[in-house]
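Asker: Take this structure, written in structure tokens, and hold onto it; I'll ask about it next.
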Amino acid sequence: MPVTVTIITLNEARHIAAAIDSAAWADEVLVVDSGSTDDTVAIATGKGVRVMGRTWPGYVDQKNYAASVASHDWIFSLDADERVTPALSSEIREVVASEPAERAFRVPRVTFHLGRWVRTTDFYPDHQTRLYDRRAARWQGKYVHESVRADGEVEDLRGELQHYAYRDLSHHFQTMDRYTTLAARQMFEEGRRAGIFDLVVHPPAAFLRNYVLRRGFMDGVPGLIVSAMNARYVGLKFAKLWELCSPSTSTPRAPGAGDSNRSS
């Protein structure tokens with residue numbers, strides 16, 4: 001079965017060439033850009049892939065649109081800061097050599113951060129459903145953590161998807177600030193509220209889960225830092241949710257195109 005790799009972009013000149021190169025195994029690579037002001041479109045066009053422009057409607061709508069205009073029913077959704085490894089691409093080709101019974105497949109994602117591939121903490125295996133049949137699966141979600149929902153069986157693949165999420169710790173902090181704002185708003189609109197328990201208990205519990213239960217200690221100082229950052233993410237998310245619950249806070253702005261340049 002032929003496969004289209006879809007990539008949605010906004011100002012991804014730093015990553016797009018390598019992402020496209022990692023998808024060379026696919027029958028089609030489709031880039032849907034939402035108004036980049038850097039060289040993203042020029043680089044993608046120069047790679048000879050199909051490039052389309054579309055105003056940013058949100059992560060879920062943009063990814064579903066990309067799948068809808070792909071030339072093939074089987075889709076592999078790739079973010080610009082991700083790379084399909086040779087092992088994963090070979091496994092995908094084997095899976096779709098004939099029509100599979102499954103409607104979607106999850107892949108383990110490994111993140112490169114602080115000079116190493118982090119295979120501990122909440123960073124790994126970070127399973128992502130990325131290979132799917134658009135006739136039986138669609139993206140769903142709201143502001144953050146969008147995912148594929150399939151009407152049928154979902155199986156796991158072994159090959160890894162590489163993720164270059166952060167340039168450095170400063171970029172990690174910036175990304176956390178953006179994500180926690182969106183996560184807090186999503187929880188608020190779903191009726192969730194934050195109290196003392198959430199602010200006091202959840203962050204240290206997240207640290208212990210990352211550092212002890214998910215073996216962050218095995219990665220030395222980087223594992224300690226990632227565990228602390230993940231705990232900070234949880235604390236900041238609940239702090240922002242508490243702020244939204246306060247009568248003195250203003251209504252949060254709606255996420256727009258400026259929020260699309262992020263690592264997922």
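The values are calculated or read from the model by the stated rules, or taken from the named source; none is laboratory data. Note that this is a predicted model, so its numbers are computed, not measured. Every residue, glycine as well, gets a Cβ built from its backbone with ideal geometry; the counts of neighbours run over all protein chains shown. We work out accessible area using only protein heavy atoms, side chains counted, and drop any ligands, DNA or RNA first. Shrake-Rupley method; radii C 1.70, N 1.55, O 1.52, S 1.80 Å.
Asker: Could you tell me whether segment 68-78 includes any residue that is closer than 27 Å to PHE112 by Cα and either open to solvent by 20 Å² or more (accessible area, probe 1.4 Å) or outside any strand (DSSP E or B) (or both)?
Answerer: yes
Asker: For the structure I just gave you, tell me whether ALA87 is small (Gly, Ala, Ser), crowded, with 23+ Cβ neighbours inside 10 Å and at pLDDT 95 or above. Show your work before the answer.
Answerer: Values: small (Gly, Ala, Ser): yes; crowded, with 23+ Cβ neighbours inside 10 Å: no; at pLDDT 95 or above: yes.
So ALA87 does not fit the description; no.
Asker: Select from segment 1-13 the residues that are in a loop (DSSP other than H, G, I, E, B) and touching a Phe, Trp or Tyr at 6+ places or on another chain (Cβ under 9 Å) and write down the one among them that is nearest to ALA66 (Cα to Cα).
Answerer: LEU10
Asker: Now, a different point. Which of the following residues is in a helix (DSSP H, G or I), at pLDDT 95 or above and crowded, with 20+ Cβ neighbours inside 10 Å: ALA18, ALA26, ALA44?
Answerer: Working: ALA18 fails: crowded, with 20+ Cβ neighbours inside 10 Å; ALA26 fails: in a helix (DSSP H, G or I).
Exactly one residue qualifies, and that residue is ALA44.
Asker: Take segment 141-151 and flag every residue that is modelled with pLDDT of 95 or more and either assigned to a loop (DSSP other than H, G, I, E, B) or in contact with a helix residue (DSSP H, G or I) (Cβ under 8 Å, 6 or more places away or on another chain) (or both).
Answerer: Passing the criteria: only ASP151.
Asker: With the condition kept exactly as written, say whether any residue in segment 203-210 is assigned to a strand (DSSP E or B), of a type in the set (Gly, Ala, Ser) and either closer than 18 Å to CYS245 by Cβ or open to solvent by 30 Å² or more (accessible area, probe 1.4 Å) (or both).
Answerer: Looking for residues that are assigned to a strand (DSSP E or B), of a type in the set (Gly, Ala, Ser) and either closer than 18 Å to CYS245 by Cβ or open to solvent by 30 Å² or more (accessible area, probe 1.4 Å) (or both), one finds none in segment 203-210, hence no.
Asker: Let me ask another. Within segment 162-184, can one find any residue that is open to solvent by less than 60 Å² (accessible area, probe 1.4 Å), in a strand (DSSP E or B) and within 20 Å of VAL96 (Cβ to Cβ)?
Answerer: no
Asker: Only residues in segment 49-66 that are more than 21 Å from THR129 (Cα to Cα) and touching a residue at least 40 places away in the same chain (Cβ under 8 Å) count as the first member; pair them with residues that are open to solvent by 60 Å² or more (accessible area, probe 1.4 Å) and of a type outside the set (Lys, Arg), Cβ under 9 angstrom, at least 6 apart or cross-chain, and list the lot.
Answerer: TRP56/GLY258
Asker: In segment 152-159, is there at least one residue being outside any loop (DSSP other than H, G, I, E, B) and open to solvent by less than 60 Å² (accessible area, probe 1.4 Å)? So that I can check it myself, show each step before the final result.
Answerer: Filtering segment 152-159 down to residues outside any loop (DSSP other than H, G, I, E, B) leaves 154-156.
When the remaining residues are screened for being open to solvent by less than 60 Å² (accessible area, probe 1.4 Å), the result is none.
Scanning segment 152-159, I find no residue that is outside any loop (DSSP other than H, G, I, E, B) and open to solvent by less than 60 Å² (accessible area, probe 1.4 Å), so the answer is no.
Asker: I want to confirm something. Restricting to segment 104-120 and keeping residues that are closer than 16 Å to TYR211 by Cβ and in a loop (DSSP other than H, G, I, E, B), which single residue is most open to solvent (accessible area, probe 1.4 Å)?
Answerer: Looking at the filtered set, the residue picked out is ARG119.
Asker: Looking only at residues that are assigned to a helix (DSSP H, G or I) and small (Gly, Ala, Ser) in segment 224-264, which one is modelled with the lowest pLDDT?
Answerer: ALA257
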